[in-house]
Amino acid sequence: MNLTAVAAIYRFEMARTFRTLAQSVVSPVLSTSLYFVVFGTAIGSRIDEVEGVSYGAFIVPGLIMLTVLTQSISNASFGIYFPKFIGTVYELLSAPASFLEITAGYVLAAATKALAIGLIILGTAFFFVDLTILHPGWMIAFLVLTCLSFSLLGFIIGIWAKNFEQLQLVPLLVVTPLVFLGGAFYSVSMLPPAWQAISLFNPVVYLVSGFRWSFFGVADVAVGWSIMAIAGFLLACLVAIAWIFRTGWRLRA
């Protein structure tokens, strides 16, 4: 493993974050704070509890997951798309670095940014609701795995995209609706039986459910299924990236 190459890409991507701090950190935190105000205060005042948890606290894992998913994808996709856009990707491909080292540099940087934002939002949540984390170790594990797996997805999207509009296509039209329909603001058990069964085909349900379990000990699906879903998705993304670098799809065209 060429750690020098990984570190160089990682430092470059992290330096870009500090140059656009308002866009990278402040904007998502302010947006999530508005969710707390609207959903936690306005709607929470009309809904006392969900599965024994106050509604304001119940939506915290979903809000964190919504931000982490979108930020992981956006950071990783832009990170690899920009070298394609300006033509420096060919220098990257000719460098003495394997696809694993190139991917690791970009993905670790994107995951670090998303993880930091997720933790900042978690800290912000304590100002709005009374929050207790039953399994902090598992909470961090779910958060890290989610950041890594969706940063890998973002890396794939960045290679696939042909323009800046396509970079936003998947986060806005696919991921965000899946999060809203995946139990981020409600429990899947509140749905009619038919819709509960349909919801199980939504992969985000397993992410939100496992993450919420780490906070409150309640889940819509078994925690083991949540872990398997995240691990399987991460492995599938790695296989897809390996194929992309082996064939040069959308990289050498």
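Values quoted throughout were computed directly from the atomic coordinates according to the rules given, and no laboratory measurement underlies them. Keep in mind that this is a model prediction, so the values were computed, not measured. Note that each Cβ is placed from the backbone with ideal geometry, even for glycine, and that neighbours are counted across all protein chains shown.
Packing around the peptides 67-74, 210-217, 117-124, taken as the average count of other Cβ atoms within 10 Å per residue, puts them in this order, highest first: 67-74, 210-217, 117-124.
Label-to-label distance for PHE201 and SER31 is 2.8 nm, based on points extended 7 Å past Cα in the beta-carbon direction.
Go through VAL60, ALA114, ALA222 and say which Cα lies farthest out towards the positive end of the charge dipole of the range 3-247; charges sit on Cβ, +1 for Lys and Arg, -1 for Asp and Glu. The residue sitting most towards the positive pole is ALA114.
Membrane-span-like helices in the chain, defined here as complete DSSP H runs extending at least 30 Å along the helix axis by their C-alpha atoms with mean Kyte-Doolittle hydropathy no lower than -1.0, are 60-86, 99-125, 136-160, 223-247; this is a sequence and geometry rule, not a statement about a membrane. Top mean-square fluctuation among ALA97, ALA109, ALA125, Gaussian network model of the chain, C-alpha springs under 10 Å? Largest GNM mean-square fluctuation: ALA97. Computed over the chain with a Gaussian network model linking Cα atoms closer than 10 Å, the most mobile of LEU148, LEU115, LEU200 is LEU200. Loop-located chymotrypsin sites (Phe, Trp or Tyr not before Pro) in the range 154-201 (DSSP state other than H, G, I, E, B) with a sparse environment of at most 11 neighbouring Cβ atoms within 10 Å: PHE201. Charge dipole of the chain (Cα centre as origin; +1 on each Lys and Arg Cβ, -1 on each Asp and Glu Cβ, all else neutral): 780 debye, rounded to the nearest 20. Under the simplified labelling scheme, the ALA116-TYR90 pair shows an inter-label distance of 3.3 nm, with each label point 7 Å from Cα along Cα→Cβ. The three principal axes of the C-alpha atoms in the range 1-137 carry coordinate ranges of 59, 29, 19 Å, sorted with the longest axis first.
Kindly provide the helix-only [θ] at 222 nm of the chain, computed as the sum of -39,500 (n - 2.57) over DSSP H runs of four or more divided by all residues, to the nearest 500 deg cm²/dmol? Before the final figure, lay out the partial values.
Values: 12 runs with 173 residues, N = 253.
Dividing the helical sum by the residues of the chain leaves -22000 deg cm²/dmol.
Mind checking the range 26-134 for trypsin sites (Lys or Arg not before Pro) that DSSP puts in a loop (not H, G, I, E or B) and that have at most 14 other Cβ atoms within 10 Å?
Taking the range 26-134 and a limit of 14 other Cβ atoms within 10 Å, the loop trypsin sites (Lys or Arg not before Pro) found are ARG46.
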